[in-house]
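Participant: What follows is a structure written as structure tokens; I'll ask about it next.
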Amino acid sequence: MKKSLFIYLGSFWITLVLIVLAPLTLMAQEVTLHKQRAFPKTVSAGNYSGIAWLGGSKYAIANDKSPTAGFYLMTIETDSLTGALLAVREDTFLTCGLPNRDEEGICYMPQTQTVFVSGEKDQEILEYNLQGQETDWFVFTSQTIPSRSHSAPVR
């Protein structure tokens, strides 16, 4: 009986502490809205729809109107104190040469040094290496399960 009472009281105090501290954590966060900026000398106009941080000042960018399937690598420098953009440079466009998939979202997987890119047109999420080549991996979605034409491995 004492043991369960201790567990109950311990849970009570942990819950109480979390209830008190959670709002303090939320109040400590501050969001600053910055004006939109263009960098026409270093970044071509595009319909950039997704961004993934690769580390340092390197980013992978999805563009739903790119000429072929793939993603851009860009360098984005920010002020570490204010978050203001200092410079943006389009480094390269990486593609596997397949037709545009209307790329929307992008996510980096540091363990494998790859990115997953979602396509609105084909409703698939495909994995690419950082040279822009499609790997054999993809993510099942409710749209791709019945229609996937080849049997690639699934992570």
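The values are calculated or read from the model by the stated rules, or taken from the named source; none is laboratory data. Computed from a predicted model, the values in this text were never measured in an experiment. Using ideal geometry, Cβ is built from the backbone for each residue, glycine included, and neighbour counts are taken over all protein chains shown. Just so you know, the surface numbers come from the protein's heavy atoms only, side chains and all, with ligands and any DNA or RNA stripped out. Shrake-Rupley method; radii C 1.70, N 1.55, O 1.52, S 1.80 Å.
Participant: Filtering the range 32-72 down to residues that are under 13 Å from the mean Cα position of the chain (by Cα) and hydrophobic (A, V, I, L, M, F, W, C), which residue is most open to solvent (accessible area, probe 1.4 Å)?
Facilitator: Within the range 32-72, the match that is most open to solvent (accessible area, probe 1.4 Å) is W53.
Participant: For the range 112-123, name all the residues that are open to solvent by 30 Å² or more (accessible area, probe 1.4 Å) and farther than 14 Å from A52 by Cβ.
Facilitator: E120, K121, D122, Q123
Participant: Could you give me the residue pairs with C-beta distances under 8 Å whose first residue belongs to the range 66-87 and is closer than 14 Å to G132 by Cα, whose second residue is buried (at least 18 other Cβ atoms within 10 Å of the Cβ) and of a type in the set (D, E, K, R) wherever it lies, and which are 6+ apart or on separate chains?
Facilitator: S66/E103; A69/R101; A69/E103; A69/E134; G70/E103; F71/E103
Participant: What pairs come up if the first residue lies in the range 94-116 and is without any contact (Cβ under 8 Å) to a residue 40 or more places away in the chain and closer than 15 Å to D64 by Cβ, the second is polar (S, T, N, Q) and open to solvent by 50 Å² or more (accessible area, probe 1.4 Å), and their beta carbons are under 6 Å apart, counting only those six or more places apart or on different chains?
Facilitator: Qualifying pairs under 6 Å: none.
Participant: Further question: Might you let me know whether the range 100-111 holds any residue that is within 18 Å of the chain's Cα centre (by Cα), of a type in the set (S, T, N, Q) and loosely packed, with under 11 Cβ neighbours inside 10 Å?
Facilitator: Yes.
Participant: Could we say that L18 is modelled with pLDDT under 80 and of a type outside the set (V, I, T) here?
Facilitator: When the stated conditions are applied, L18 passes them.
Participant: Still on this model: Go through the range 124-133 residue by residue and tally those that are open to solvent by less than 60 Å² (accessible area, probe 1.4 Å), within 23 Å of T42 (Cβ to Cβ) and of a type outside the set (G, A, S).
Facilitator: 1
Participant: Then there is this: Please go through the range 82-96 and pick out each residue that is farther than 14 Å from L54 by Cβ and among the aliphatic types (A, V, I, L, M).
Facilitator: A84, L85, L86, A87, V88
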